[in-house]
1. Across segment 133-179, what is the total count of residues that are assigned to a strand (DSSP E or B), among the β-branched types (V, I, T), under 14 Å from E100 (Cα atoms) and touching an Asp or Glu at 6+ places or on another chain (Cβ under 7 Å)?
2. Mind checking which pairs have a first residue in segment 152-165 that is within 16 Å of G133 (Cα to Cα) and a second that is within 11 Å of ligand 2 (Cβ to nearest atom) and of a type in the set (G, A, S), Cβ under 8 Å, 6 or more apart or different chains?
3. Please pick out the residue among R16, R7 that is out of contact with any Lys or Arg (no Cβ under 6 Å at 6 or more places or on another chain) and modelled with pLDDT under 90.
4. What about D75, is it farther than 18 Å from D47 by Cα and at pLDDT below 90?
5. Might you let me know whether segment 9-23 holds any residue that is under 23 Å from the mean Cα position of the chain (by Cα), buried (at least 16 other Cβ atoms within 10 Å of the Cβ) and not in a loop (DSSP other than H, G, I, E, B)?
6. Test F125 against the stated conditions and say whether it is modelled with pLDDT of 95 or more and within 16 Å of M174 (Cβ to Cβ).
7. Could you tell me how many of the residues in segment 123-142 are free of Cβ contacts under 8 Å to residues at least 40 places away in the same chain, within 15 Å of ligand 1 (Cβ to nearest atom) and under 25 Å from the mean Cα position of the chain (by Cα)?
8. Just one of (1) within 27 Å of W156 (Cα to Cα); (2) assigned to a loop (DSSP other than H, G, I, E, B); (3) modelled with pLDDT of 90 or more; (4) more than 13 Å from the chain's Cα centre (by Cα) trips up T60, so point out which.
Amino acid sequence: MWLWFIRQAACGVDLRCGVPGRVTDGAPVEVTQSSYHIGQEVTYKCDYSETTKIRSCETTGKWSQMGTACAECPDKFALNKDFGKCYFFPKQRNTFNDGEKFCAALGAVIAFPPTLEENAFLSSFINYNTFIGVTDRVQEGTWMTVTGEAIPFTKWNRGEPNNAGREGEDCVEMGGNGL
Ligand SMILES: [Ca+2]
Ligand SMILES: [Ca+2]
């Protein structure tokens with residue numbers, strides 16, 4: 001009998017987020033749904049590195065703010081997208097050991113170029129000979145990175161390496177010519 005009464009019906013549906021779009025430097029890894037419920041998360045991958053970030057569907061029905069999908073560089077450091085690295089070229093002069101400490105205090109290491117392209121990039125910033133993160137202090141004549149990795153190529157200037165001087169040389173400097 002009640003069924004014969006005429007009433008309005010209240011309709012409701014959960015707020016949902018739409019398909020998550022690209023950001024300037026990355027995109028969602030996998031978009032499988034046409035809409036997402038509140039609290040659901042998607043993973044974004046940076047276009048030029050393995051960095052990933054999470055974006056979530058907020059109670060407003062919008063995706064959480066995401067400036068960039070890639071990692072951000074620390075203060076003073078500039079991003080190089082091609083190499084997926086942040087670089088800083090300080091002006092002050094240091095010994096190699098002090099340079100290492102200087103970089104370490106910034107959470108960095110003395111930069112070393114794993115490719116010829118990166119070697120060329122580094123050299124383009126060099127006005128005065130500049131230490132790079134390559135050393136033979138562990139074993140004389142065996143050159144490796146300051147982090148203990150093998151170096152994939154060398155680009156020695158003529159006559160180098162020569163361990164010159166009374167105390168020898170265990171560090172590497174690069175000139176503006178990339179040697
Ligand atoms: Ca030398
Ligand atoms: Ca040496």
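1. First pass over segment 133-179, keeping only residues assigned to a strand (DSSP E or B): 133-139, 142-145, 150, 171-174.
Next, only the ones that are among the β-branched types (V, I, T) stay: 134-135, 138, 142, 145, 172.
This time we only want the ones that are under 14 Å from E100 (Cα atoms), so: 134-135, 145, 172.
Next, only the ones that are touching an Asp or Glu at 6+ places or on another chain (Cβ under 7 Å) stay: 135.
Residues flagged as assigned to a strand (DSSP E or B), among the β-branched types (V, I, T), under 14 Å from E100 (Cα atoms) and touching an Asp or Glu at 6+ places or on another chain (Cβ under 7 Å) within segment 133-179 amount to 1.
2. P161/G141
3. Numbers: R16 fails: modelled with pLDDT under 90.
Residue meeting the stated conditions: R7.
4. For D75, the condition - farther than 18 Å from D47 by Cα and at pLDDT below 90 - is met.
5. yes
6. When the stated conditions are applied, F125 does not pass them.
7. Residues meeting the conditions: 2.
8. The one condition T60 does not meet is (1).
The values are calculated or read from the model by the stated rules, or taken from the named source; none is laboratory data. Only a predicted model underlies this, so the values are computations on that prediction, with no experimental measurement involved. Virtual Cβ from ideal backbone geometry, glycine too; neighbours counted across all protein chains shown.
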